[in-house]
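The next block holds one structure in the form of structure tokens; read it before the comments.
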């Protein structure tokens, strides 16, 4: 007896899986930046990076030197994005941001977030990212915020979110479930939560999903 895909699964394929596949294919040649040396040797403007190392020197008001085992690079950090904890040249950190190329000057990194190893991250709302950025490198993101339109409810507490760059599956948890009761398909929302990898048994694949603990309707 043949087993057919359920209507819910077919909708997931058309609204979520297929567009995400197209984005992944389009970005398949994107360079990988595991360390400072790789950024310096092959910089790509606005490309995402996530590096681990040490902030060894302050050059200017928002300009610093970051160092790992492969080399040094200048980083630019807005005052609001610099951690409140005390950071010394011996404090190991993980920084996340984008590459900034320059004419006749070495590339630098524009930092979005700095995380201290073994330090609690508290008090600051996560930065709003794009779906495409998350799908391209889901393992680097923890607490994440997204904004977009609910294009499909697959259950009372599960939906597909779309922004200008792609689609992602959102699984609402705890208080976020109650918030969804007053939100309809087509609504613009702000969601916050953790990125996890979920297995879709019907499709026999795994995809990044956002486990949301905050869902808020946004006025258009």
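The values are calculated or read from the model by the stated rules, or taken from the named source; none is laboratory data. This one's a predicted model, so the numbers in the text were calculated from it and none came from an experiment. Note that we place each Cβ from the backbone using ideal geometry, even for glycine, and neighbour counts take in every protein chain shown.
Hey, among 189, 139, which residue is modelled with pLDDT under 90, more than 25 Å from residue 56 (Cα to Cα) and outside the structural domain of residue 62 (by TED's automatic domain parsing)?
After applying the criteria, what remains is 139.
One residue is enough: does segment 71-82 have a residue meeting the conditions on the phi > 0 side of the Ramachandran plot and touching a residue at least 24 places away in the same chain (Cβ under 8 Å)?
yes
I'm trying to understand the selection: among the residues of segment 87-110, which are touching a residue at least 40 places away in the same chain (Cβ under 8 Å) and more than 21 Å from the chain's Cα centre (by Cα)?
Those that are touching a residue at least 40 places away in the same chain (Cβ under 8 Å) and more than 21 Å from the chain's Cα centre (by Cα): 92, 101, 106, 107.
Give just the number: which of (1) outside any strand (DSSP E or B); (2) touching a residue at least 40 places away in the same chain (Cβ under 8 Å) does residue 192 not satisfy?
(1)
Looking at segment 107-115, is at least one residue modelled with pLDDT of 90 or more, in contact with a strand residue (DSSP E or B) (Cβ under 7 Å, 6 or more places away or on another chain) and farther than 13 Å from residue 51 by Cα?
Among the residues of segment 107-115, at least one is modelled with pLDDT of 90 or more, in contact with a strand residue (DSSP E or B) (Cβ under 7 Å, 6 or more places away or on another chain) and farther than 13 Å from residue 51 by Cα, which makes the answer yes.
Quick check: anything in segment 25-37 surrounded by 12 or more Cβ atoms within 10 Å (Cβ to Cβ), modelled with pLDDT of 90 or more, closer than 30 Å to residue 164 by Cβ and touching a helix residue (DSSP H, G or I) at 6+ places or on another chain (Cβ under 7 Å)?
Within segment 25-37, not a single residue is surrounded by 12 or more Cβ atoms within 10 Å (Cβ to Cβ), modelled with pLDDT of 90 or more, closer than 30 Å to residue 164 by Cβ and touching a helix residue (DSSP H, G or I) at 6+ places or on another chain (Cβ under 7 Å).
Anything in segment 51-66 that is touching a helix residue (DSSP H, G or I) at 6+ places or on another chain (Cβ under 8 Å) and buried (at least 17 other Cβ atoms within 10 Å of the Cβ)? List them, or say none.
51, 53, 66
Going residue by residue through segment 77-90, is there one that turns out to be farther than 25 Å from residue 126 by Cα and surrounded by fewer than 18 Cβ atoms within 10 Å (Cβ to Cβ)?
yes
Test residue 156 against the criterion of being in the same structural domain as residue 206 (by TED's automatic domain parsing), out of contact with any strand residue (DSSP E or B) (no Cβ under 7 Å at 6 or more places or on another chain), modelled with pLDDT under 90 and closer than 18 Å to residue 209 by Cβ, and give yes or no.
For residue 156, the condition - in the same structural domain as residue 206 (by TED's automatic domain parsing), out of contact with any strand residue (DSSP E or B) (no Cβ under 7 Å at 6 or more places or on another chain), modelled with pLDDT under 90 and closer than 18 Å to residue 209 by Cβ - is met.
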